[in-house]
Amino acid sequence: MQKSISLSLLLLFSIVYLQAQKPKTPSSLHIYESIQKLNFLGSVLYIAAHPDDENTRLISYMANQEKARTAYLSLTRGDGGQNLIGPEIRELLGVIRTQELLAARRIDGGEQLFTRANDFGYSKHPDETLEIWDKNQVLSDVVLAIRKFKPDVIINRFDHRTPGSTHGHHTSSAMLSFEAFDLSGDRNAYPNLAEEFGVWQPKRLFFNTGWWFYGSQENFEKADKTNLVSLDIGTYYPLKGLSNNEIASLASSQHLCQGFGRLAQRGSQEEYIEFLKGEPLTENKDVFAGIDTSWNRVKGGKAVGDILYNVEKNFNFKNPSQHLPQLLEAYKLILSINDEHWKTQKIKELKSIIEMCAGLYLEASAETNWGTPNEIINLSIEVLKRSDVAASLLSLKNSNSKVIEKNLILQNNVKYDFKETLEVDDDAKPTTPYWLTNKGSLGMYQVDNKSLIGLPETPRTYQVDFNLLINNVPITVTKEIVQRYSKPDKGELYRPFEIITEASAKITEKVIIFNTDNQRDISVVVKAGRDNLEGHVKIAHPKDWKVFPEKQKVEIKNKGEEQTLVFTVVPPKSQSEGFITPMVDIGGKIYNKELIEIAYEHIPFQTVSLPSESKLVRLDIKKKGENIAYIQGAGDVVPESLQQIGYNVRILSLEEINTETLSRFDAVVVGIRAYNTLDELKFKQQQLFDFVASGGNMIVQYNTSYRLTVENLAPYNLKLSRDRVTDEKAEVRFLNPEHELLNTPNKITHKDFEGWTQERGLYFPEDWSDEFTPILSMNDKGETPKDGSILVAKYGKGYYIYTALSFFREFPEGISGAYRLFANMLSIGKENLKLEDKLND
Ligand SMILES: [Zn+2]
């Protein structure tokens, strides 16, 4: 009895990583490769900073060629990146990128680990990075990953010796790995972790180098390669019909939100890793030299090896179930091994192989993908065994209920269906990414439950145990509950089964700008997690703001349905900011979270529960001009933001850009990276300049200096650089305090640069002709002043303005100063004060 309990705990641990995607039905080939991996007792940990930093060629090589257990430790989840496939940014982007990493690992055969470090945006130097991250905490998490995963070999993606040459997160990841390599084996370092997971000394540390780290291929050819190991990562796997680099391309193409979809590569390709420290390389330069990667490595492993090597050698591709007696024998032997690490890992692998060899298909599908506390969910359970092995289903067990006895002998290829129920616990916690449950700092997620640190995702609450007897050996297979359903245009689909609250609410706009003291209506959308939801909604708001009515009734008949309630918000007379939160009261229980759904085809469906709040901003802002044309580049919410402060904004397609259409607007604003992403925009440049010449204003937001599609970004000479000011608090100096841009219609002061987020700006121009007037100067610590953040030039009757300031980041955060400054840029040279602005004067 004792044994079966510890066994099912073990299982729970091993299964939680699985995703509720369509289950893979394994072929003999997959089983064979799993046995090869089972028989290799060595491991590799690859370390870098972000999703997409990882070299999938090397991860795939270690996992598929060497057969090593391989993991990628990404220090962050990539919240600071940009999303090319949808509206999610920041923490929600981190959720997508986490899932993209998991999708990549399902292809290249690796596992995925994280730390609590938050990707706070671009950082120039590891000194800055390690100040914003809590260095001690991140280092502790790297040590934790090493002590838990117990890698023989660690490979860093980046060079720890070259701070300042790449993103500060990159160098930091290498520096922390370099430090953790020694600390992990030291019992005095992080003693609590040592107590819980033991200490572990990896054998060797490498740096995944390449010619680009040497400046050129020529330099690299000349370089001393004594400490370099070269690996042919183009090796071909006939069993898969794919070469290693093809697998790697498929894996990295999962990073779709970063635009990593790419062509497959084939053919021999050298990859280099540089030995940094640990046990010196031997003459044959085998990364695992001196490490026994056979079953002899484990005490009591020899007997296991004798059985399993034989299975591998004589593997029967036509009927893998023939090996079950030996596999079950080995299974029993491994259970009696004393080494917990190897026992846990190898039992997990072997159990999956036994399941595959027996041709088992086990599934627990809920009628819905959501449950709420106290709800009873109907489950369809499918049990199928497709082989001649003697097997019976003893019982089923839900995570929270008692054992349901079955005692059923399973016939070959006969499907058994059961209808069971799952009662969701009263105190079941909603499914949400664990690292987002608490408010973290700029650089760190705050995770209270220490056992979750490092896990790629939150373990799901509900599973079903299938207690089986295979050839008289008791084996428990645990499956997460899923929802299996179909759509006529998509076929069969799977979703994870998740727990949500009975009510959630959101305000449709995240930032609500009031450019006058006129009241405005806001929509609150309440969503029911169960049938017959009844209660009322109030709005929590700052004291100097008013919201009415004070409360409204909510009544929703069906689970999943929404009801929209309209409240009226009255701003104060003068500039003010604050947050509002809808409070849904259901029988005395208050719900103030928003349920966010993330649905993309390349990753499993995600639900995220976040505090529901919207920012209110009463702006003291004046503006001239009314009609704005917007040309979307890589995508930003600047048009919506300008609408919020009262402009009429129309998004123009490339075809619509002509003199006739443009003449209807006071200004044209070009979205971020438009000259990097729109090839045809270059054909419209002259018409845009003509528009300026005839009195229009043109504002161009940041573009990157490489892959510009135009030669003449501006009507005068203007050259971009890679300069950026990443410190969002960097001092802003006024180069031309009397300039119209800083004075009309809004008087800009240093207060307008307070509260900025993530950075000041990026890809500042470094060289411009005399027609341009620079307005502001700023720089990061220890750097020379950068004067190109706003450059304005009169051209004909209008103005051309280039701005590298990150308005696209500041607007969604409701930063008043950013709005006031942008209004001045749009207003320059314009006379027609709007009536309401005159009234405000
Ligand atoms: Zn990176």
Residues of segment 149-185 being crowded, with 21+ Cβ neighbours inside 10 Å, among the polar types (S, T, N, Q) and either within 19 Å of E279 (Cα to Cα) or over 23 Å from the mean Cα position of the chain (by Cα) (or both), which ones?
N156, S177, S184
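Could we say that K559 is of a type outside the set (A, V, I, L, M), in a loop (DSSP other than H, G, I, E, B), crowded, with 20+ Cβ neighbours inside 10 Å and modelled with pLDDT under 95 here? Give the derivation first.
Values: of a type outside the set (A, V, I, L, M): yes; in a loop (DSSP other than H, G, I, E, B): yes; crowded, with 20+ Cβ neighbours inside 10 Å: no; modelled with pLDDT under 95: yes.
It is false that K559 is of a type outside the set (A, V, I, L, M), in a loop (DSSP other than H, G, I, E, B), crowded, with 20+ Cβ neighbours inside 10 Å and modelled with pLDDT under 95.
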Please go through segment 121-134 and give me each residue that is out of contact with any strand residue (DSSP E or B) (no Cβ under 9 Å at 6 or more places or on another chain) and surrounded by fewer than 24 Cβ atoms within 10 Å (Cβ to Cβ), ordered by number.
G121, H125, D127, E128, L130, E131
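Hey, does segment 220-227 have a residue that's more than 30 Å from N136 (Cα to Cα) and open to solvent by less than 50 Å² (accessible area, probe 1.4 Å)?
Taking segment 220-227 first, the residues more than 30 Å from N136 (Cα to Cα) are 220-227.
Still in the running and open to solvent by less than 50 Å² (accessible area, probe 1.4 Å): 220, 223.
Within segment 220-227, one or more residues are more than 30 Å from N136 (Cα to Cα) and open to solvent by less than 50 Å² (accessible area, probe 1.4 Å).
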When you scan segment 496-512, do you find a residue that is in a loop (DSSP other than H, G, I, E, B), open to solvent by 70 Å² or more (accessible area, probe 1.4 Å) and in contact with a helix residue (DSSP H, G or I) (Cβ under 9 Å, 6 or more places away or on another chain), even just one?
yes
Out of all the residues in segment 439-455, is one or more touching a Gly at 6+ places or on another chain (Cβ under 9 Å), farther than 19 Å from K479 by Cα and not in a loop (DSSP other than H, G, I, E, B)?
no
If only one of K397, K419, K402, K429 is open to solvent by 50 Å² or more (accessible area, probe 1.4 Å) and free of Cβ contacts under 8 Å to residues at least 12 places away in the same chain, which one is it?
K402
Hits in segment 484-495 - residues which are over 28 Å from Q563 (Cα atoms), assigned to a strand (DSSP E or B) and free of Cβ contacts under 8 Å to residues at least 12 places away in the same chain
G491
Considering segment 149-169 alone, what residues qualify as being more than 13 Å from the ligand (Cβ to nearest atom), farther than 16 Å from L228 by Cα and outside any loop (DSSP other than H, G, I, E, B)?
F149
Checking the structure you have, find out if any residue of segment 190-209 is open to solvent by less than 60 Å² (accessible area, probe 1.4 Å), touching a residue at least 60 places away in the same chain (Cβ under 8 Å), within 16 Å of the ligand (Cβ to nearest atom) and more than 17 Å from V138 (Cα to Cα).
yes
Given the residues E766, E771, E711, E783, which is the only one that is open to solvent by 10 Å² or more (accessible area, probe 1.4 Å), over 19 Å from A818 (Cβ atoms) and part of a strand (DSSP E or B)?
E766
Taking S253 and the conditions (1) surrounded by 14 or more Cβ atoms within 10 Å (Cβ to Cβ); (2) in contact (Cβ under 8 Å) with a residue 60 or more places away in the chain, which numbered condition does it fall short on, given that it satisfies the others?
(2)
List pairs: first in segment 465-483 and more than 12 Å from I381 (Cα to Cα) and open to solvent by less than 10 Å² (accessible area, probe 1.4 Å), second of a type in the set (V, I, T) and part of a loop (DSSP other than H, G, I, E, B), Cβ under 7 Å, 6+ apart or cross-chain?
I470/V389
Is it the case, given these coordinates, that K225 is over 28 Å from L762 (Cβ atoms), charged (D, E, K, R), at pLDDT 95 or above and over 30 Å from the mean Cα position of the chain (by Cα)?
no
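Confirm whether L75 is within 25 Å of the chain's Cα centre (by Cα), aliphatic (A, V, I, L, M), within 13 Å of the ligand (Cβ to nearest atom) and open to solvent by less than 10 Å² (accessible area, probe 1.4 Å). Lay out the reasoning, then the answer.
Details: within 25 Å of the chain's Cα centre (by Cα): yes; aliphatic (A, V, I, L, M): yes; within 13 Å of the ligand (Cβ to nearest atom): yes; open to solvent by less than 10 Å² (accessible area, probe 1.4 Å): yes.
Spelling it out, L75 is indeed within 25 Å of the chain's Cα centre (by Cα), aliphatic (A, V, I, L, M), within 13 Å of the ligand (Cβ to nearest atom) and open to solvent by less than 10 Å² (accessible area, probe 1.4 Å).
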Any hit, segment 541-549, residues being in a strand (DSSP E or B) and either touching a Leu at 6+ places or on another chain (Cβ under 9 Å) or touching a residue at least 40 places away in the same chain (Cβ under 8 Å) (or both)
no
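Does S387 satisfy the criteria of being closer than 20 Å to H30 by Cα and part of a loop (DSSP other than H, G, I, E, B)? Before you say what the answer is, go through the steps one by one.
Values: closer than 20 Å to H30 by Cα: yes; part of a loop (DSSP other than H, G, I, E, B): yes.
In short, yes.
When segment 454-464 is examined, which residues are found to be of a type in the set (V, I, T) and open to solvent by 10 Å² or more (accessible area, probe 1.4 Å)? I'd like the intermediate steps shown before the answer.
So the first thing to find is which residues in segment 454-464 are of a type in the set (V, I, T), and the list is 458, 461, 464.
T458, T461 - these are the residues of segment 454-464 that are of a type in the set (V, I, T) and open to solvent by 10 Å² or more (accessible area, probe 1.4 Å).
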When only residues in segment 646-680 that are open to solvent by less than 10 Å² (accessible area, probe 1.4 Å), over 32 Å from the mean Cα position of the chain (by Cα) and not small (G, A, S) count, which is farthest from L619 (Cα to Cα)?
I657
Going through I107, I96, I146 one at a time, which residue ends up being touching a helix residue (DSSP H, G or I) at 6+ places or on another chain (Cβ under 7 Å), assigned to a helix (DSSP H, G or I), open to solvent by 30 Å² or more (accessible area, probe 1.4 Å) and at pLDDT 95 or above?
I107
Scan segment 43-65 and report the pairs whose first residue is part of a helix (DSSP H, G or I) and more than 16 Å from the ligand (Cβ to nearest atom) and whose second residue is open to solvent by less than 10 Å² (accessible area, probe 1.4 Å) and aromatic (F, W, Y), with Cβ atoms within less than 9 Å and a gap of 6+ or a chain change.
M62/Y46
Test F260 against the criterion of being modelled with pLDDT under 95 and surrounded by 15 or more Cβ atoms within 10 Å (Cβ to Cβ), and give yes or no.
yes
Here are the criteria: (1) assigned to a loop (DSSP other than H, G, I, E, B); (2) within 16 Å of the ligand (Cβ to nearest atom); (3) under 25 Å from T344 (Cβ atoms). Tell me which single one P26 does not satisfy.
(2)
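Test V414 against the stated conditions and say whether it is touching a residue at least 40 places away in the same chain (Cβ under 8 Å) and either among the aromatic types (F, W, Y) or touching a strand residue (DSSP E or B) at 6+ places or on another chain (Cβ under 8 Å) (or both).
Values: touching a residue at least 40 places away in the same chain (Cβ under 8 Å): no; either among the aromatic types (F, W, Y) or touching a strand residue (DSSP E or B) at 6+ places or on another chain (Cβ under 8 Å) (or both): yes.
Spelling it out, it is not the case that V414 is touching a residue at least 40 places away in the same chain (Cβ under 8 Å) and either among the aromatic types (F, W, Y) or touching a strand residue (DSSP E or B) at 6+ places or on another chain (Cβ under 8 Å) (or both).
What tally of residues in segment 758-810 results from selecting those that are β-branched (V, I, T) and either at pLDDT below 95 or over 15 Å from L718 (Cβ atoms) (or both)?
1
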Being in contact with a strand residue (DSSP E or B) (Cβ under 7 Å, 6 or more places away or on another chain) and of a type outside the set (S, T, N, Q) narrows D531, D521 down to just D521
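Given S34, S27, which one is open to solvent by 10 Å² or more (accessible area, probe 1.4 Å) and free of Cβ contacts under 8 Å to residues at least 60 places away in the same chain? Don't jump to the end; show me each part of the working.
Details: S34 fails: free of Cβ contacts under 8 Å to residues at least 60 places away in the same chain.
Going through S34, S27 in turn, just one is open to solvent by 10 Å² or more (accessible area, probe 1.4 Å) and free of Cβ contacts under 8 Å to residues at least 60 places away in the same chain: S27.
The values are calculated or read from the model by the stated rules, or taken from the named source; none is laboratory data. Just so it is clear, the structure is predicted and the values come from calculations on it, not from any experiment. Glycine also receives a Cβ, built like all others from the backbone with ideal geometry; neighbour counts cover every protein chain displayed. Accessible surface areas use protein heavy atoms only, side chains included; no ligands, DNA or RNA. Shrake-Rupley method; radii C 1.70, N 1.55, O 1.52, S 1.80 Å.
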